[in-house]
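In what follows, a single structure is set out as structure tokens and then discussed.
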Amino acid sequence: MEGNKLELSEKPSTEPPATYKAIPEADMEENAVTRPKSLVKSKSTSPEVDGADEKMLPKEEVADAKISPNEKQNGDAKLDIGELKTAFVGLTKEELMKYANDPFWVRLRWFLFITFWILWGLMLLGAVMIILAAPKCNPPPPRTWWEKGPLIELKDDANAETINKIKELGVTGVIVSWPEDAYSDFNEDHIFIKSFKQFKEKAINVVVELEPSSSWIWFNKSESRDILFNDYYIWRQPKEASNGGEPTPPNNWLTVKNVSSWKYSPSRKEFYYAPMEKPHLNFHNPKVVEKLSDVIKKFLNYGAGGIRVKGAPYLLVDTKFEDEPIKTPNPTGCDFKEHCFYTHSKTENLLELGPLLKQWKVIVKNMTENGPFMTAEDLSNIEAYKVNSSFVVDLPLQSHLLNKPSVNITDVVHVLNTTFNADNITWPLWKVNASSEWDLVTYLLPGTPLVTLESENNKELLKIRNSPSIMRGSFSLHLLNNKTIFAFTRVTAGNPGILVALNPSDNRTVVDFPAYIKGLSEDVTVQLFSANYSEPNVAVSVKHDAHSVPISPKSSIIMSYVPPSK
């Protein structure tokens, strides 16, 4: 055997059979040699095999075997098995230790260590920056003093006793009417202005009510055609009289007293518009608009916290001066000579009203700490008080909800649905003229209650009103027990929910609230009830089964509950 070649000789049949040189056992075990699948046989006819096929080379170390004929050796052949391949089994401990303190590997380890912590720190810093830079869900701004309320109207001058009474009612603002012409001159010595200081000493804000539509101040100059005041009022030529008689008003506009809204001026020989018996100012004239702006600024500079405009629906009229359309169908009991016969779409709630009012609202907001700009009348045409779908007045008055001696709860639900859903008024001013059990309802509805000096002082009710669920909570109303019970809930996340129920009927009833109101707990805690409530087994601050709450006739009750977790 030379090198890696094994010589095989073929002999005549007369010679002994050819044999292979045996591989030592130790070599076979050490190198795990595996015999190829095909045995190389000699050309001998001997069928005997020497048993070497039982020991095979490992698959990983199989060598390529080649048979080379050897012509010089009379038919002998050489088997070339090539180089044996061995697997790498890694470095020993001693070999590894040679690199442990090698400067290159030491520097590499330190570089990777420092790089890891730098990258980890940058990743942590990036996460913090993302959190800080992410848009935040800011909490809603707190309610203003006029949203918290309640508010109160005063028709007469307030003395010290009246102011103390107002303070006991928990009132945050008082609405007082300016007793003179809105455009009359005044200063800080006026008794009306001096009263501002008295209210402020009791932490009560003052909202001044003005009636700006009419004034006599510039009328004579306008009537005489003074060039500066000529169009301060609304003037129109009379219709031509067919028989040369009395001058005829320019159109069919009528006052609520069923007489013409036009009055004739013999000196100017024209009619002037006077629906309130006084000459009406022309608010299509920018100079007139600026005059009222100056008045508003003056009151705010003297300490007023807000402004309320009286007669706002009638400030603007149709510039084409067309006749008022007749109502369809014709109202019962009215004829063409009466105010109720017409729609008044030419003289009330014109769509140009919103931009006009917005100018004055901006002045109020800029000169106060977000004070209110209000109107004194109910908004019969909501769109006239909007600019770009946003209201230009604060606390739209809702005086028609509870001002009847006998209140039908079906009508109440209709008004509430119209106010919050159809008209999209989120925080109105509720005027209450009904019985005492409705006070509990009005105080806890979304909006501000407008109370009177005759209202009762109820500190517990005010405390409940100032809770987060009332100030910020959602509102859901319900008619229960075959529409005999009116109820609503107010709830906000993280706070107890408030349940208010009213029984306006003459019959006592027991209500299973969870059967009607989804998300209500199994028990409720009584917070307050009206003076007419008389149930011996129900007490304030005591829990009661929500499935059987008794409600006395013509009474109301306030309960709290724990909203289910989402």
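Values in this text are rule-based calculations from the coordinates and carry no lab data. In this text the structure is predicted, and so the values were computed from the model without any measurement. Glycine also receives a Cβ, built like all others from the backbone with ideal geometry; neighbour counts cover every protein chain displayed.
Enumerate by residue number the GluC sites (Glu not before Pro) in segment 248-291 meeting two conditions: DSSP loop (anything except H, G, I, E, B), and at most 16 other Cβ atoms within 10 Å of the site's Cβ.
Glu277
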With labels modelled as points extended 7 Å from the Cα through the Cβ direction, what inter-label distance (nm, one decimal) is found for Asn381 paired with Cys340? 2.1
Residue by residue through segment 130-147, what is 3J(HN,Hα) from phi via Karplus (6.51 cos²θ - 1.76 cosθ + 1.60, θ = phi - 60°)? Round to whole Hz and write x for glycine and proline. 5, 5, 5, 7, 5, x, 9, 8, 5, x, x, x, x, 5, 6, 4, 7, 7
Note to self: C-alpha centroids of segment 298-338 and segment 149-190 sit apart, in Å, by 25
Entries in Lys263/Lys361; Lys278/Lys361; Lys278/Lys346; Lys202/Lys459 that, when Cα-Cα distance is taken, lie over 23 Å: Lys263/Lys361; Lys278/Lys361
Segment Asp185-Ala134, extension gain: residue separation times 0.36 nm, minus the distance between their alpha carbons: 12.9 nm
Which peptide among 127-137, 157-167, 200-210 comes first, and what is the full order, when sorted by highest mean count of other Cβ atoms within 10 Å? 200-210, 157-167, 127-137
Residue exposure sequence - His339, His414 - by fewest surrounding Cβ within 10 Å: His414, His339
What is the distance, in nm, between label points placed 7 Å from the Cα along the Cα-to-Cβ direction at Phe321 and at Ala422? 3.6
Need one number: nm distance between label points at Lys194 and Asn230, each 7 Å from Cα along Cα→Cβ, rounded to one decimal. 4.5
When the Cα centres of segment 485-558 and segment 117-147 are compared, how far apart do they sit, in Å? 41
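What number do you get for segment 327-462 when its Cα radius of gyration is normalised by 2.2 N^0.38 Å, N = residues?
Taking the Cα Rg and dividing by 2.2 N^0.38 Å, one obtains 1.23.
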Scan segment 439-535 for trypsin sites (Lys or Arg not before Pro) in coil per DSSP, keeping those whose Cβ has at most 16 other Cβ atoms within 10 Å, and list them by number. Lys483, Arg508, Lys518
